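Single-structure report; data block below.
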Amino acid sequence: MAKGIFGTLKSLVVEDGDEADQAKTQSSAKATAATTTAATTAPISVDHAESAQGLDVSALDQTFERLIQQGAAFEAYAKFAQAVKSLEAVIPDEAMRYKAAQATVGADAKALIEALKSSVVVLGEESKNFEGSFVASATADIDTAQQRVQALSDEIVDTTKKLASLSEQKTQASADVTRKTSDLGKAKIDFASAMKTVGDRYVDLWQKVEQHLGTGA
């Protein structure tokens, strides 16, 4: 499961506003280069990123669903759900349809609820993978970019001869920090949104099972 989504998570990144960021970076760098020696002691302004790279929430939703439904623990509910769906046309009432499906597949309410609760395990594991893989990697990138900013700042102070070139690099690195931080924040929001949507969906399903069939205890 650790390889379920995060081996290819980079493909879910949604690019947004890169050209605008680059244009602003170049404009800011040119303005900095036009300054004289006095600029070595003055702070270099960096425009805030207007947009962030997030994740494809729809793709995350589908991936979470696939991982949950492929789990062995989910098999009992999968058969029950298929029976419920097949009875939709002939039994409009949901409660009656659930009971008929239960009788058809010989489902036990407790087993169905446990199968639905397997989603919590799957989503929890994916959350750990996300923090340990994607977030850790993005944070390391941000730290690296921030260290680059500091190193370039020190170099600018030490030499005015390379002011124009170094100021441009510092501006770009600072923009990277802002963009990457914004990207990570948006990715966390998108991940939490997809996780909550899928999690709530399965809570609702097992509540329906409890409502219509009981807990099976």
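The values are calculated or read from the model by the stated rules, or taken from the named source; none is laboratory data. These numbers come from a predicted model, not from an experiment. All Cβ positions, even for glycine, are placed from backbone atoms using ideal geometry, and neighbour counts span all protein chains on display.
Some values worked out for this structure:
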read-out: Test for Leu152: is it among the aliphatic types (A, V, I, L, M), farther than 20 Å from Ala52 by Cα and in contact with an Asp or Glu (Cβ under 8 Å, 6 or more places away or on another chain); value: no
read-out: Within segment 75-169, helices (runs of 4 or more DSSP H) holding 2 or more residues that are farther than 22 Å from Ala187 by Cβ and in contact with a Ser or Thr (Cβ under 8 Å, 6 or more places away or on another chain); value: 109-129, 136-158
read-out: Answer residue from segment 177-217, given it is polar (S, T, N, Q) and assigned to a helix (DSSP H, G or I) and is nearest to Ala140 (Cα to Cα) among those; value: Thr181
read-out: Breaking point among (1) over 30 Å from Thr178 (Cα atoms); (2) out of contact with any helix residue (DSSP H, G or I) (no Cβ under 6 Å at 6 or more places or on another chain); (3) surrounded by fewer than 19 Cβ atoms within 10 Å (Cβ to Cβ), for Ala95; value: (2)
read-out: Selection count where residues are under 15 Å from Ala194 (Cβ atoms) and exposed (fewer than 14 other Cβ atoms within 10 Å of the Cβ), scope segment 132-145; value: 0
read-out: Residues being in contact (Cβ under 8 Å) with a residue 40 or more places away in the chain, in contact with a Lys or Arg (Cβ under 9 Å, 6 or more places away or on another chain) and among the hydrophobic types (A, V, I, L, M, F, W, C) - total across segment 59-94; value: 1
read-out: Subset of segment 166-217 that is of a type in the set (Asp, Glu) and more than 19 Å from the chain's Cα centre (by Cα) - its residue that is surrounded by the most Cβ atoms within 10 Å (Cβ to Cβ); value: Asp176
read-out: Matching residues, segment 98-118, being crowded, with 19+ Cβ neighbours inside 10 Å and either under 13 Å from Ala76 (Cα atoms) or of a type in the set (A, V, I, L, M, F, W, C) (or both); value: Ala101, Gln102, Ala107, Ala109, Leu112, Ile113, Ala115, Leu116, Ser118
read-out: Residue satisfying condition, being of a type in the set (D, E, K, R), touching a strand residue (DSSP E or B) at 6+ places or on another chain (Cβ under 7 Å) and either at pLDDT 90 or above or over 15 Å from Leu55 (Cα atoms) (or both), within set Asp190, Asp200, Asp176, Asp158; value: Asp190
